[in-house]
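FYI, it's all coordinate maths here, none of it is from the lab. Note that the structure is predicted; figures quoted are calculated from it, not measured. Using ideal geometry, Cβ is built from the backbone for each residue, glycine included, and neighbour counts are taken over all protein chains shown.
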Amino acid sequence: MSTVYAVDVQITAPVNDTEVTDRVADAVTNLFPGAEVDHQHGEIVATAHDMETFSESLHRQEILDTARGAFFEDLRGDTFSFDLKKQAAFQGVVNFAVGDPSELGDIHVRVRVNDPDAESYIDHVAPPTKEGKPIDPDE
């Protein structure tokens with residue numbers, strides 16, 4: 001039986017004067033295709049209620065351990081957040097931003113897990129691995 005997750009994903013990204021707003025919106029929707037995008041003055045604000053496509057990208061790029069590290073690093077109760085590089089996201093690639101924000105600014109993602117809990121949802125999006133492969137909990 002599959003678990004039903006109730007999550008709220010808030011995505012924000014600055015839009016600089018040198019950038020095209022629609023391209024920044026595309027960067028967001030490339031990784032979160034179900035997101036509802038709103039263009040506000042100087043930034044994109046989007047909301048989504050799943051991270052399935054994002055999770056598929058993590059699996060395809062084989063960066064589950066990196067993702068888990070980023071998620072757990074800023075886990076506070078039922079919420080975790082992380083930053084992504086805009087240029088990579090525009091290409092449909094997940095690249096976590098670490099250290100100082102890039103010159104163009106990063107995409108900030110904040111995930112609030114309503115049900116069941118944040119740790120379980122992280123395990124769903126980026127499962128634990130052994131030798132780089134996802135561990136099947138049924139084995």
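Output the relative contact order of the chain, whole-number percent, from Cα pairs under 8 angstrom with separation of 6+ residues.
32
Once every Cα of region 65-139 carries one equal point scatterer and solvent is ignored, give the base-10 log of I(q)/I(0) from the Debye formula at q = 0.23 Å⁻¹, two decimals.
The calculated log intensity ratios at q = 0.23 Å⁻¹ are -1.09.
Between Glu43 and Glu56, 0.36 nm times their residue separation minus their Cα-Cα distance comes to what? Walk me through the numbers on the way to the answer.
Working: separation 13, 0.36 × 13 = 4.68 nm, distance 2.63 nm.
Here the answer is 2.0 nm.
Taking a ≥ b ≥ c as the square roots of the eigenvalues of the Cα gyration tensor of the chain, is the shape rounded (a/c under 1.5), prolate (a/b larger than b/c) or oblate?
Working: a/c = 1.98, a/b = 1.62, b/c = 1.22.
Taking the square roots of the gyration eigenvalues as a ≥ b ≥ c, the chain is prolate.
What is the spin-label model distance, in nm, from Glu36 to Asp74 if the labels are put 7 Å beyond Cα along the C-beta direction?
2.3
Could you work out how far the C-alpha centroid of region 80-130 sits from that of region 1-75, in angstrom?
7
Between Asp65 and Asp22, what is the label-point separation in nm under the 7 Å Cα-to-beta-carbon projection?
Distance between the two pseudo-spin positions: 4.2 nm.
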